[in-house]
Amino acid sequence: MNKKWWQETVIYQIYPRSFYDSNQDGVGDLQGIIRKLPYLEKLGIGAIWLSPVCASPNDDNGYDISDYQAIAPEYGTMADMDALIAEAKQHGIAIIMDLVVNHTSDEHPWFQEAKKSKDNPYRDYYIWRPNHGKLPNGLRSTFSGSAWELDETTNEYYLHLFSKKQPDLNWENPKVREEIYRMMNFWLEKGIGGFRMDVIDLIGKQPDKEITANGPLLHTYLQEMNRETFGKYNVLTVGETWGVTPSGALLYTNPDREELSMVFQFEHAALDEQPDKQKWDLQEWDFLKLKQIFSKWQTKLDERGWNSLFWNNHDLPRVVSRLGNDSEKYREVSAKMLATILHLQKGTPYIYQGEEIGLTNTAINAIEEADDIESHNMYRERLAAGYTEAEILHAINAKGRDNARRPIPWNDSKNGGFTDGSPWLALNPRYDVINVENALQDLNSLFYHYQKLVQLRKENELIVWGSYQELLPEHPAIYAYLRTNKQETWLILANFYEAETTAELAGYTAEKIILSNYPDSKISLHEVTLRPYEAVVYKLK
Ligand code: NOJ
(Lines give C-alpha, C1' and ligand atoms only; values in the text may rest on other atoms or scores of the structure.)
Protein backbone atom coordinates (compact mmCIF):
# COMPACT_ATOMS: atom_id res chain seq x y z
CA MET A 1 0.00 0.00 0.00
CA ASN A 2 1.35 3.45 -0.86
CA LYS A 3 1.50 5.50 2.29
CA LYS A 4 -0.96 8.40 2.39
CA TRP A 5 -0.92 11.54 4.51
CA TRP A 6 -4.30 10.69 5.99
CA GLN A 7 -2.94 7.48 7.42
CA GLU A 8 -0.40 9.37 9.50
CA THR A 9 -2.49 12.19 10.88
CA VAL A 10 -5.25 12.87 13.39
CA ILE A 11 -8.54 14.54 12.39
CA TYR A 12 -10.54 16.96 14.53
CA GLN A 13 -14.27 17.28 13.95
CA ILE A 14 -15.87 20.70 14.25
CA TYR A 15 -19.59 21.19 14.66
CA PRO A 16 -19.58 24.80 13.50
CA ARG A 17 -22.75 25.93 15.27
CA SER A 18 -21.10 25.22 18.58
CA PHE A 19 -17.41 25.86 18.13
CA TYR A 20 -16.79 29.60 18.52
CA ASP A 21 -19.00 32.60 17.82
CA SER A 22 -17.06 35.58 16.43
CA ASN A 23 -20.01 37.92 15.86
CA GLN A 24 -22.19 37.56 18.97
CA ASP A 25 -25.24 36.09 17.26
CA GLY A 26 -25.15 33.01 19.49
CA VAL A 27 -24.09 30.68 16.67
CA GLY A 28 -20.52 29.57 15.95
CA ASP A 29 -19.09 30.63 12.60
CA LEU A 30 -16.20 30.34 10.14
CA GLN A 31 -14.33 33.37 11.46
CA GLY A 32 -14.65 31.79 14.88
CA ILE A 33 -12.92 28.67 13.59
CA ILE A 34 -10.18 30.77 11.98
CA ARG A 35 -9.49 32.43 15.35
CA LYS A 36 -9.08 29.07 17.01
CA LEU A 37 -6.70 27.56 14.45
CA PRO A 38 -3.68 28.16 16.71
CA TYR A 39 -5.45 26.10 19.40
CA LEU A 40 -5.94 23.24 16.95
CA GLU A 41 -2.38 23.49 15.74
CA LYS A 42 -1.26 23.24 19.35
CA LEU A 43 -3.26 20.04 19.70
CA GLY A 44 -1.37 18.81 16.67
CA ILE A 45 -4.16 17.70 14.35
CA GLY A 46 -3.66 17.57 10.57
CA ALA A 47 -7.20 18.04 9.31
CA ILE A 48 -10.59 19.36 10.34
CA TRP A 49 -13.76 17.54 9.40
CA LEU A 50 -16.22 20.38 9.22
CA SER A 51 -19.85 19.42 9.76
CA PRO A 52 -22.02 21.09 7.08
CA VAL A 53 -21.63 24.82 6.56
CA CYS A 54 -23.69 25.15 3.38
CA ALA A 55 -26.98 27.02 3.08
CA SER A 56 -29.67 25.18 4.99
CA PRO A 57 -33.00 25.83 6.68
CA ASN A 58 -31.54 23.85 9.61
CA ASP A 59 -34.28 21.33 10.08
CA ASP A 60 -31.44 18.94 10.91
CA ASN A 61 -28.76 21.54 11.71
CA GLY A 62 -27.20 21.73 8.28
CA TYR A 63 -27.67 18.11 7.21
CA ASP A 64 -30.49 19.45 5.07
CA ILE A 65 -28.75 21.50 2.39
CA SER A 66 -30.57 23.98 0.18
CA ASP A 67 -27.51 25.19 -1.76
CA TYR A 68 -24.32 23.13 -1.96
CA GLN A 69 -22.29 26.02 -3.30
CA ALA A 70 -23.28 28.73 -0.85
CA ILE A 71 -22.27 29.20 2.78
CA ALA A 72 -25.05 29.49 5.34
CA PRO A 73 -25.23 33.19 6.29
CA GLU A 74 -25.02 32.44 10.01
CA TYR A 75 -21.59 30.90 9.35
CA GLY A 76 -20.28 33.66 7.06
CA THR A 77 -19.59 34.00 3.35
CA MET A 78 -17.76 32.10 0.64
CA ALA A 79 -14.90 34.55 1.20
CA ASP A 80 -14.75 33.39 4.84
CA MET A 81 -14.70 29.80 3.65
CA ASP A 82 -11.86 30.50 1.23
CA ALA A 83 -10.03 32.24 4.07
CA LEU A 84 -10.56 29.26 6.35
CA ILE A 85 -9.18 26.85 3.75
CA ALA A 86 -6.15 29.09 3.15
CA GLU A 87 -5.42 29.92 6.78
CA ALA A 88 -5.88 26.36 7.94
CA LYS A 89 -3.30 25.35 5.34
CA GLN A 90 -0.87 27.84 6.90
CA HIS A 91 -1.31 25.94 10.15
CA GLY A 92 -0.75 22.61 8.44
CA ILE A 93 -4.42 21.73 8.62
CA ALA A 94 -6.60 20.47 5.75
CA ILE A 95 -10.35 21.07 5.60
CA ILE A 96 -12.57 18.03 5.06
CA MET A 97 -16.07 19.01 3.93
CA ASP A 98 -19.21 17.14 4.93
CA LEU A 99 -20.80 15.78 1.77
CA VAL A 100 -24.53 15.35 2.35
CA VAL A 101 -25.82 13.87 -0.87
CA ASN A 102 -28.16 11.09 0.14
CA HIS A 103 -30.76 13.83 0.41
CA THR A 104 -31.18 17.58 0.03
CA SER A 105 -33.36 20.02 1.90
CA ASP A 106 -36.94 20.26 0.63
CA GLU A 107 -36.03 23.93 0.12
CA HIS A 108 -33.33 23.04 -2.41
CA PRO A 109 -34.30 24.46 -5.85
CA TRP A 110 -34.24 20.91 -7.28
CA PHE A 111 -36.98 19.80 -4.91
CA GLN A 112 -38.89 23.05 -5.25
CA GLU A 113 -39.01 22.32 -8.98
CA ALA A 114 -39.56 18.59 -8.62
CA LYS A 115 -42.71 18.96 -6.60
CA LYS A 116 -44.34 21.36 -9.07
CA SER A 117 -45.57 18.64 -11.41
CA LYS A 118 -45.05 15.03 -12.39
CA ASP A 119 -43.41 16.05 -15.65
CA ASN A 120 -41.10 18.67 -14.23
CA PRO A 121 -37.52 18.12 -15.50
CA TYR A 122 -36.37 17.79 -11.87
CA ARG A 123 -39.06 15.29 -10.89
CA ASP A 124 -36.69 12.33 -11.24
CA TYR A 125 -34.10 13.92 -9.03
CA TYR A 126 -36.12 12.49 -6.15
CA ILE A 127 -37.97 9.27 -5.42
CA TRP A 128 -41.75 9.36 -5.97
CA ARG A 129 -44.42 6.69 -5.70
CA PRO A 130 -48.12 6.88 -6.61
CA ASN A 131 -50.82 7.24 -3.98
CA HIS A 132 -52.98 4.12 -3.95
CA GLY A 133 -54.70 5.20 -0.77
CA LYS A 134 -52.00 3.86 1.48
CA LEU A 135 -48.29 4.25 2.15
CA PRO A 136 -46.15 2.69 -0.61
CA ASN A 137 -44.56 0.35 1.94
CA GLY A 138 -43.29 0.07 5.49
CA LEU A 139 -39.99 1.95 5.16
CA ARG A 140 -39.37 4.02 8.26
CA SER A 141 -37.56 7.30 8.74
CA THR A 142 -34.57 7.31 11.09
CA PHE A 143 -36.30 10.27 12.71
CA SER A 144 -39.51 8.30 13.50
CA GLY A 145 -42.62 7.58 11.45
CA SER A 146 -42.96 6.56 7.83
CA ALA A 147 -40.23 7.39 5.32
CA TRP A 148 -42.93 8.36 2.82
CA GLU A 149 -44.59 11.77 2.79
CA LEU A 150 -47.58 12.60 0.62
CA ASP A 151 -47.11 15.65 -1.54
CA GLU A 152 -50.59 17.16 -1.91
CA THR A 153 -49.92 19.04 -5.16
CA THR A 154 -49.12 16.01 -7.26
CA ASN A 155 -50.73 13.42 -5.01
CA GLU A 156 -47.60 11.26 -4.86
CA TYR A 157 -45.38 10.15 -2.04
CA TYR A 158 -41.72 11.11 -1.86
CA LEU A 159 -39.10 9.21 0.09
CA HIS A 160 -37.27 10.72 3.06
CA LEU A 161 -35.13 8.37 5.13
CA PHE A 162 -34.58 11.26 7.55
CA SER A 163 -36.95 14.18 8.21
CA LYS A 164 -39.66 15.05 5.72
CA LYS A 165 -37.63 18.18 5.02
CA GLN A 166 -34.81 15.90 3.78
CA PRO A 167 -36.11 14.26 0.58
CA ASP A 168 -33.86 11.46 -0.73
CA LEU A 169 -32.09 12.05 -4.01
CA ASN A 170 -32.54 9.52 -6.78
CA TRP A 171 -29.03 8.24 -7.46
CA GLU A 172 -30.27 6.09 -10.31
CA ASN A 173 -30.72 9.29 -12.29
CA PRO A 174 -27.40 10.02 -14.07
CA LYS A 175 -28.20 13.74 -14.07
CA VAL A 176 -28.27 13.75 -10.27
CA ARG A 177 -24.89 12.06 -10.14
CA GLU A 178 -23.43 14.51 -12.67
CA GLU A 179 -24.67 17.52 -10.71
CA ILE A 180 -23.21 16.12 -7.52
CA TYR A 181 -19.86 15.39 -9.11
CA ARG A 182 -19.75 18.91 -10.55
CA MET A 183 -20.43 20.31 -7.10
CA MET A 184 -17.73 18.09 -5.55
CA ASN A 185 -15.22 19.32 -8.12
CA PHE A 186 -16.13 22.91 -7.26
CA TRP A 187 -15.00 22.22 -3.69
CA LEU A 188 -11.98 20.16 -4.65
CA GLU A 189 -10.76 22.98 -6.88
CA LYS A 190 -10.85 25.24 -3.83
CA GLY A 191 -8.18 23.07 -2.28
CA ILE A 192 -10.12 21.18 0.38
CA GLY A 193 -8.57 18.09 1.92
CA GLY A 194 -11.43 15.73 1.23
CA PHE A 195 -14.95 14.69 2.13
CA ARG A 196 -16.73 13.00 4.97
CA MET A 197 -19.70 11.37 3.27
CA ASP A 198 -22.96 11.48 5.15
CA VAL A 199 -24.88 8.14 5.24
CA ILE A 200 -23.17 7.22 1.99
CA ASP A 201 -24.15 3.57 2.35
CA LEU A 202 -27.73 4.56 1.54
CA ILE A 203 -27.22 5.97 -1.96
CA GLY A 204 -27.71 2.59 -3.65
CA LYS A 205 -31.11 2.08 -2.04
CA GLN A 206 -33.92 0.07 -3.63
CA PRO A 207 -36.98 1.53 -1.90
CA ASP A 208 -39.49 -0.88 -3.45
CA LYS A 209 -37.60 -3.81 -1.99
CA GLU A 210 -37.19 -1.91 1.27
CA ILE A 211 -33.43 -2.05 0.80
CA THR A 212 -31.78 1.08 2.14
CA ALA A 213 -28.14 0.37 3.09
CA ASN A 214 -25.75 -1.50 0.79
CA GLY A 215 -27.93 -1.48 -2.30
CA PRO A 216 -26.64 -3.30 -5.39
CA LEU A 217 -25.26 -0.21 -7.16
CA LEU A 218 -23.66 1.44 -4.15
CA HIS A 219 -20.09 0.51 -5.00
CA THR A 220 -20.55 1.22 -8.70
CA TYR A 221 -21.59 4.76 -7.78
CA LEU A 222 -18.65 5.21 -5.44
CA GLN A 223 -16.19 4.03 -8.07
CA GLU A 224 -17.75 6.40 -10.55
CA MET A 225 -17.59 9.24 -8.01
CA ASN A 226 -13.94 8.48 -7.32
CA ARG A 227 -13.15 8.58 -11.06
CA GLU A 228 -15.13 11.73 -11.73
CA THR A 229 -14.04 13.74 -8.71
CA PHE A 230 -11.61 13.11 -5.89
CA GLY A 231 -9.63 10.28 -7.47
CA LYS A 232 -7.46 12.89 -9.15
CA TYR A 233 -6.61 14.57 -5.85
CA ASN A 234 -4.56 13.54 -2.85
CA VAL A 235 -7.48 13.79 -0.44
CA LEU A 236 -9.11 11.89 2.38
CA THR A 237 -12.56 10.38 1.97
CA VAL A 238 -14.45 8.80 4.82
CA GLY A 239 -17.87 7.24 4.46
CA GLU A 240 -20.44 7.15 7.21
CA THR A 241 -21.68 3.56 7.10
CA TRP A 242 -23.76 2.56 10.10
CA GLY A 243 -24.27 -1.16 9.71
CA VAL A 244 -21.02 -1.99 7.94
CA THR A 245 -19.20 -5.27 8.61
CA PRO A 246 -15.44 -5.74 8.19
CA SER A 247 -15.88 -7.48 4.84
CA GLY A 248 -18.16 -4.65 3.73
CA ALA A 249 -15.56 -2.13 4.86
CA LEU A 250 -12.96 -3.83 2.68
CA LEU A 251 -15.18 -3.19 -0.33
CA TYR A 252 -15.06 0.52 0.39
CA THR A 253 -11.46 0.81 1.51
CA ASN A 254 -9.34 -1.72 -0.35
CA PRO A 255 -7.20 0.68 -2.40
CA ASP A 256 -7.34 -1.60 -5.44
CA ARG A 257 -11.06 -0.89 -5.74
CA GLU A 258 -10.58 2.90 -5.86
CA GLU A 259 -13.46 3.90 -3.65
CA LEU A 260 -12.90 5.58 -0.28
CA SER A 261 -9.99 6.06 2.11
CA MET A 262 -11.91 4.67 5.08
CA VAL A 263 -15.35 4.32 6.61
CA PHE A 264 -16.82 4.92 10.03
CA GLN A 265 -18.10 1.70 11.56
CA PHE A 266 -20.37 2.01 14.59
CA GLU A 267 -20.37 -1.43 16.17
CA HIS A 268 -18.65 -0.22 19.33
CA ALA A 269 -20.93 2.81 19.50
CA ALA A 270 -24.06 0.67 19.46
CA LEU A 271 -23.02 -1.63 22.29
CA ASP A 272 -25.40 0.00 24.74
CA GLU A 273 -28.38 -0.57 22.42
CA GLN A 274 -30.55 -3.66 22.40
CA PRO A 275 -29.96 -5.52 19.14
CA ASP A 276 -32.62 -5.01 16.46
CA LYS A 277 -34.34 -2.27 18.42
CA GLN A 278 -33.99 1.47 18.26
CA LYS A 279 -31.02 3.40 19.56
CA TRP A 280 -33.14 4.54 22.50
CA ASP A 281 -33.63 0.99 23.79
CA LEU A 282 -30.73 0.71 26.15
CA GLN A 283 -28.83 -2.16 27.67
CA GLU A 284 -25.69 -2.48 29.79
CA TRP A 285 -22.63 -2.41 27.56
CA ASP A 286 -20.53 -5.52 27.52
CA PHE A 287 -16.79 -4.94 28.02
CA LEU A 288 -15.68 -8.26 26.53
CA LYS A 289 -17.69 -7.51 23.42
CA LEU A 290 -16.14 -4.07 23.15
CA LYS A 291 -12.70 -5.67 23.07
CA GLN A 292 -13.82 -8.28 20.57
CA ILE A 293 -15.20 -5.60 18.28
CA PHE A 294 -12.02 -3.52 18.37
CA SER A 295 -9.83 -6.56 17.78
CA LYS A 296 -12.00 -7.83 14.97
CA TRP A 297 -11.74 -4.51 13.12
CA GLN A 298 -8.02 -4.18 13.81
CA THR A 299 -7.22 -7.60 12.41
CA LYS A 300 -9.72 -7.84 9.56
CA LEU A 301 -8.74 -4.52 7.98
CA ASP A 302 -5.08 -4.98 8.63
CA GLU A 303 -3.49 -5.25 5.22
CA ARG A 304 -6.03 -4.36 2.59
CA GLY A 305 -8.16 -1.66 4.17
CA TRP A 306 -7.94 1.15 6.68
CA ASN A 307 -9.73 1.85 9.95
CA SER A 308 -11.08 5.07 11.31
CA LEU A 309 -10.85 5.33 15.09
CA PHE A 310 -13.39 7.37 17.03
CA TRP A 311 -15.36 7.51 20.24
CA ASN A 312 -17.42 10.58 19.53
CA ASN A 313 -19.10 12.66 16.90
CA HIS A 314 -22.03 15.08 16.71
CA ASP A 315 -24.52 12.17 16.76
CA LEU A 316 -23.15 10.30 19.76
CA PRO A 317 -23.25 11.02 23.48
CA ARG A 318 -19.98 12.00 25.16
CA VAL A 319 -17.74 8.99 25.70
CA VAL A 320 -16.52 9.98 29.14
CA SER A 321 -20.12 9.88 30.37
CA ARG A 322 -20.82 6.69 28.53
CA LEU A 323 -17.87 4.37 28.95
CA GLY A 324 -15.73 6.39 31.31
CA ASN A 325 -16.64 8.04 34.58
CA ASP A 326 -17.77 11.66 34.48
CA SER A 327 -17.59 12.26 38.24
CA GLU A 328 -15.29 15.06 39.36
CA LYS A 329 -12.85 12.53 40.73
CA TYR A 330 -12.40 10.29 37.72
CA ARG A 331 -13.44 12.37 34.72
CA GLU A 332 -9.96 13.25 33.52
CA VAL A 333 -8.23 9.99 34.33
CA SER A 334 -10.95 7.87 32.72
CA ALA A 335 -11.02 10.13 29.64
CA LYS A 336 -7.25 9.75 29.34
CA MET A 337 -7.62 5.99 29.51
CA LEU A 338 -10.24 5.99 26.74
CA ALA A 339 -8.10 8.27 24.58
CA THR A 340 -5.04 6.07 25.08
CA ILE A 341 -6.62 2.79 24.09
CA LEU A 342 -8.16 4.34 20.97
CA HIS A 343 -5.22 6.40 19.73
CA LEU A 344 -2.70 3.58 20.02
CA GLN A 345 -4.70 1.42 17.63
CA LYS A 346 -4.02 1.20 13.93
CA GLY A 347 -6.08 3.60 11.83
CA THR A 348 -6.83 7.30 11.59
CA PRO A 349 -8.06 8.76 14.89
CA TYR A 350 -10.79 11.39 15.07
CA ILE A 351 -11.23 13.78 17.98
CA TYR A 352 -14.64 15.41 18.28
CA GLN A 353 -14.65 18.99 19.57
CA GLY A 354 -14.68 19.10 23.36
CA GLU A 355 -13.50 15.50 23.68
CA GLU A 356 -9.98 16.81 24.30
CA ILE A 357 -11.15 18.70 27.39
CA GLY A 358 -13.38 15.87 28.61
CA LEU A 359 -16.79 17.44 28.06
CA THR A 360 -19.56 15.38 29.59
CA ASN A 361 -23.19 14.73 28.73
CA THR A 362 -25.77 17.27 29.92
CA ALA A 363 -29.06 15.99 31.27
CA ILE A 364 -32.31 17.79 30.49
CA ASN A 365 -35.45 17.77 32.66
CA ALA A 366 -38.03 18.60 30.03
CA ILE A 367 -38.35 18.07 26.29
CA GLU A 368 -38.46 21.86 25.75
CA GLU A 369 -34.76 21.91 26.62
CA ALA A 370 -33.95 19.67 23.63
CA ASP A 371 -33.07 21.05 20.23
CA ASP A 372 -32.56 17.92 18.15
CA ILE A 373 -35.31 16.92 15.75
CA GLU A 374 -34.53 13.26 16.35
CA SER A 375 -35.26 13.59 20.08
CA HIS A 376 -38.42 15.64 19.53
CA ASN A 377 -39.85 13.20 17.01
CA MET A 378 -39.07 10.20 19.18
CA TYR A 379 -40.59 11.95 22.20
CA ARG A 380 -43.89 12.48 20.38
CA GLU A 381 -43.93 8.98 18.95
CA ARG A 382 -43.14 7.21 22.22
CA LEU A 383 -45.48 9.34 24.29
CA ALA A 384 -48.29 8.35 21.93
CA ALA A 385 -47.20 4.72 22.22
CA GLY A 386 -47.58 4.80 26.02
CA TYR A 387 -44.03 5.30 27.29
CA THR A 388 -43.76 7.51 30.36
CA GLU A 389 -42.15 10.90 30.08
CA ALA A 390 -39.47 9.78 32.56
CA GLU A 391 -38.56 6.79 30.38
CA ILE A 392 -38.29 8.95 27.30
CA LEU A 393 -36.17 11.62 28.97
CA HIS A 394 -33.93 8.91 30.38
CA ALA A 395 -33.27 7.65 26.86
CA ILE A 396 -32.70 11.18 25.54
CA ASN A 397 -30.24 11.93 28.31
CA ALA A 398 -28.33 8.75 27.58
CA LYS A 399 -28.35 8.85 23.79
CA GLY A 400 -29.66 12.21 22.57
CA ARG A 401 -27.49 14.10 20.10
CA ASP A 402 -27.66 17.42 21.96
CA ASN A 403 -25.18 15.91 24.42
CA ALA A 404 -22.48 16.35 21.81
CA ARG A 405 -23.79 19.57 20.33
CA ARG A 406 -23.63 22.04 23.20
CA PRO A 407 -21.30 25.00 22.62
CA ILE A 408 -17.63 24.66 23.51
CA PRO A 409 -16.70 26.36 26.77
CA TRP A 410 -13.52 28.35 26.12
CA ASN A 411 -13.27 29.75 29.65
CA ASP A 412 -15.37 30.14 32.80
CA SER A 413 -16.92 33.50 31.89
CA LYS A 414 -20.59 33.88 30.92
CA ASN A 415 -21.61 31.27 28.33
CA GLY A 416 -18.16 29.78 28.63
CA GLY A 417 -16.79 32.56 26.44
CA PHE A 418 -18.43 30.86 23.45
CA THR A 419 -20.51 33.93 22.65
CA ASP A 420 -21.33 37.36 24.02
CA GLY A 421 -24.81 36.86 22.64
CA SER A 422 -27.33 34.27 23.65
CA PRO A 423 -26.13 30.76 22.75
CA TRP A 424 -28.34 28.80 20.35
CA LEU A 425 -28.22 25.88 22.79
CA ALA A 426 -27.37 26.11 26.49
CA LEU A 427 -23.85 25.16 27.53
CA ASN A 428 -23.00 22.22 29.69
CA PRO A 429 -23.44 23.75 33.19
CA ARG A 430 -20.08 22.32 34.26
CA TYR A 431 -18.27 24.90 32.12
CA ASP A 432 -16.95 26.69 35.21
CA VAL A 433 -14.55 23.76 35.57
CA ILE A 434 -14.56 22.02 32.19
CA ASN A 435 -13.29 24.62 29.76
CA VAL A 436 -10.40 25.11 27.35
CA GLU A 437 -8.61 27.77 29.39
CA ASN A 438 -8.46 25.50 32.44
CA ALA A 439 -7.26 22.63 30.29
CA LEU A 440 -4.48 24.70 28.77
CA GLN A 441 -3.31 26.00 32.15
CA ASP A 442 -2.93 22.56 33.69
CA LEU A 443 0.02 20.77 32.15
CA ASN A 444 -1.38 17.51 33.44
CA SER A 445 -4.75 17.98 31.74
CA LEU A 446 -6.54 15.75 29.29
CA PHE A 447 -5.76 18.26 26.55
CA TYR A 448 -2.03 17.63 26.94
CA HIS A 449 -2.64 13.90 27.06
CA TYR A 450 -4.32 14.14 23.65
CA GLN A 451 -1.49 16.36 22.46
CA LYS A 452 1.00 13.66 23.51
CA LEU A 453 -0.99 10.97 21.74
CA VAL A 454 -1.03 13.01 18.54
CA GLN A 455 2.69 13.72 18.87
CA LEU A 456 3.54 10.08 19.58
CA ARG A 457 1.79 9.11 16.37
CA LYS A 458 3.89 11.62 14.43
CA GLU A 459 7.11 10.36 15.94
CA ASN A 460 6.52 6.62 15.90
CA GLU A 461 5.88 4.69 12.73
CA LEU A 462 4.94 1.79 14.95
CA ILE A 463 1.64 3.46 15.87
CA VAL A 464 0.73 4.07 12.25
CA TRP A 465 1.96 0.88 10.66
CA GLY A 466 2.73 -1.68 13.35
CA SER A 467 0.68 -4.84 13.71
CA TYR A 468 -1.92 -5.33 16.44
CA GLN A 469 -2.34 -8.26 18.78
CA GLU A 470 -4.76 -8.45 21.67
CA LEU A 471 -3.71 -9.96 25.02
CA LEU A 472 -5.89 -11.17 27.90
CA PRO A 473 -9.09 -11.22 25.82
CA GLU A 474 -11.03 -12.82 28.68
CA HIS A 475 -9.92 -10.37 31.34
CA PRO A 476 -13.10 -8.73 32.68
CA ALA A 477 -11.58 -5.29 33.35
CA ILE A 478 -8.35 -4.90 31.39
CA TYR A 479 -7.91 -4.13 27.75
CA ALA A 480 -4.40 -5.06 26.64
CA TYR A 481 -2.78 -5.18 23.25
CA LEU A 482 0.61 -5.17 21.57
CA ARG A 483 1.75 -3.05 18.66
CA THR A 484 4.79 -4.41 16.87
CA ASN A 485 7.03 -3.56 13.96
CA LYS A 486 10.48 -4.75 12.94
CA GLN A 487 12.19 -2.53 15.49
CA GLU A 488 10.06 -2.63 18.61
CA THR A 489 6.98 -3.75 20.50
CA TRP A 490 4.73 -1.64 22.68
CA LEU A 491 2.23 -2.91 25.20
CA ILE A 492 -0.91 -0.92 25.88
CA LEU A 493 -2.61 -1.80 29.13
CA ALA A 494 -5.79 -0.20 30.48
CA ASN A 495 -8.17 -0.74 33.36
CA PHE A 496 -11.65 0.16 32.17
CA TYR A 497 -13.16 0.30 35.66
CA GLU A 498 -13.04 2.16 38.94
CA ALA A 499 -12.07 -0.92 40.96
CA GLU A 500 -8.40 -1.85 41.09
CA THR A 501 -7.56 -4.92 39.08
CA THR A 502 -4.58 -7.16 38.45
CA ALA A 503 -3.12 -9.14 35.60
CA GLU A 504 -0.18 -11.45 35.10
CA LEU A 505 2.06 -10.46 32.23
CA ALA A 506 5.27 -11.94 33.55
CA GLY A 507 6.22 -13.16 30.07
CA TYR A 508 6.86 -9.55 29.07
CA THR A 509 9.52 -7.15 30.28
CA ALA A 510 9.12 -3.41 29.95
CA GLU A 511 12.07 -1.25 28.99
CA LYS A 512 10.32 2.01 29.71
CA ILE A 513 6.96 3.69 30.16
CA ILE A 514 6.05 5.82 27.17
CA LEU A 515 2.82 7.26 28.52
CA SER A 516 0.55 6.86 31.52
CA ASN A 517 -2.39 8.64 33.08
CA TYR A 518 -0.83 8.27 36.56
CA PRO A 519 2.47 9.92 37.53
CA ASP A 520 3.90 6.78 39.11
CA SER A 521 2.86 3.70 37.14
CA LYS A 522 4.98 0.63 37.87
CA ILE A 523 7.31 -0.71 35.23
CA SER A 524 7.20 -4.32 36.38
CA LEU A 525 4.70 -6.44 34.49
CA HIS A 526 4.82 -9.20 37.06
CA GLU A 527 1.42 -9.29 38.81
CA VAL A 528 0.68 -5.82 37.65
CA THR A 529 -2.01 -3.91 39.54
CA LEU A 530 -3.89 -1.21 37.71
CA ARG A 531 -5.55 1.56 39.72
CA PRO A 532 -8.92 3.10 38.73
CA TYR A 533 -8.90 3.69 34.97
CA GLU A 534 -5.11 3.43 34.84
CA ALA A 535 -3.72 3.19 31.32
CA VAL A 536 -0.06 2.64 30.57
CA VAL A 537 1.90 2.38 27.35
CA TYR A 538 5.15 0.41 27.71
CA LYS A 539 7.98 -0.12 25.33
CA LEU A 540 9.00 -3.76 25.76
CA LYS A 541 12.51 -5.17 25.86
C1 NOJ B 1 -25.84 11.44 9.62
C2 NOJ B 1 -25.43 12.70 10.27
O3 NOJ B 1 -24.25 12.49 10.99
C4 NOJ B 1 -26.59 13.13 11.12
O5 NOJ B 1 -26.26 14.19 11.97
C6 NOJ B 1 -27.73 13.48 10.20
O7 NOJ B 1 -28.88 13.75 10.96
C8 NOJ B 1 -28.06 12.33 9.25
N9 NOJ B 1 -26.89 11.70 8.70
C10 NOJ B 1 -28.88 12.81 8.11
O11 NOJ B 1 -28.12 13.63 7.28
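Check the stretch 56-75 and report whether any residue there is over 21 Å from Asn411 (Cα atoms), without any contact (Cβ under 8 Å) to a residue 40 or more places away in the chain, in the same structural domain as Pro207 (by the TED database) and within 14 Å of the ligand (Cβ to nearest atom). Yes, that holds for at least one residue.
Pro174 satisfies every condition listed in (1) open to solvent by 10 Å² or more (accessible area, probe 1.4 Å); (2) touching a residue at least 12 places away in the same chain (Cβ under 8 Å); (3) away from the ligand (no atom under 16 Å from the Cβ) except (2). Output yes when any residue across the stretch 76-90 is under 27 Å from Ile357 (Cβ atoms) and part of a loop (DSSP other than H, G, I, E, B), and no when none is. There is at least one residue in the stretch 76-90 that is under 27 Å from Ile357 (Cβ atoms) and part of a loop (DSSP other than H, G, I, E, B). Taking the condition in contact with a Leu (Cβ under 7 Å, 6 or more places away or on another chain), open to solvent by less than 50 Å² (accessible area, probe 1.4 Å) and at negative phi, does Glu332 pass? No, not satisfied. Applying the criterion of being in contact with a helix residue (DSSP H, G or I) (Cβ under 8 Å, 6 or more places away or on another chain) and touching a residue at least 24 places away in the same chain (Cβ under 8 Å) to the residues of the stretch 370-391, the residue that is farthest from Arg322 (Cα to Cα) is Arg382. Per the conditions (1) under 21 Å from the mean Cα position of the chain (by Cα); (2) at positive phi, the sole criterion not satisfied by His103 is (2).
Table: residues versus (1) modelled with pLDDT of 95 or more; (2) open to solvent by 50 Å² or more (accessible area, probe 1.4 Å); (3) closer than 16 Å to Leu301 by Cα; (4) within 15 Å of the chain's Cα centre (by Cα).
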| site | (1), (2), (3), (4) |
| --- | --- |
| Val235 | yes, no, no, no |
| Tyr252 | yes, no, yes, no |
| Arg257 | yes, yes, yes, no |
| Asp276 | no, yes, no, no |
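In the set (1) over 28 Å from Ile351 (Cβ atoms); (2) of a type in the set (A, V, I, L, M); (3) more than 16 Å from the ligand (Cβ to nearest atom), the condition left unmet by Leu161 is number (3).
Can you pull out every residue in the stretch 128-140 that is free of Cβ contacts under 8 Å to residues at least 60 places away in the same chain and within 16 Å of the ligand (Cβ to nearest atom)?
Going through the stretch 128-140, the residues free of Cβ contacts under 8 Å to residues at least 60 places away in the same chain turn out to be 128, 130-135, 140.
Residue satisfying the conditions is Arg140 alone.
Each row is one residue, and each column tells you yes or no for (1) among the polar types (S, T, N, Q); (2) touching a strand residue (DSSP E or B) at 6+ places or on another chain (Cβ under 7 Å); (3) buried (at least 24 other Cβ atoms within 10 Å of the Cβ).
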| residue | (1), (2), (3) |
| --- | --- |
| Ile45 | no, yes, yes |
| Leu50 | no, yes, yes |
| Val53 | no, yes, yes |
| Asp59 | no, no, no |
| Tyr68 | no, yes, no |
| Ala72 | no, yes, no |
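For Asn226, the stated conditions do not hold, so it cannot be described as closer than 26 Å to Trp187 by Cα, touching a residue at least 40 places away in the same chain (Cβ under 8 Å) and either open to solvent by 10 Å² or more (accessible area, probe 1.4 Å) or under 20 Å from the mean Cα position of the chain (by Cα) (or both).
The values are calculated or read from the model by the stated rules, or taken from the named source; none is laboratory data. Because the structure is a prediction, the values reported are computed rather than measured. Methodologically, a virtual Cβ is constructed for each residue, glycine included, from the backbone with ideal geometry; neighbour enumeration extends over all protein chains shown. Heavy atoms of the whole protein, side chains included, go into the accessibility calculation; ligands, DNA and RNA do not. Shrake-Rupley method; radii C 1.70, N 1.55, O 1.52, S 1.80 Å.
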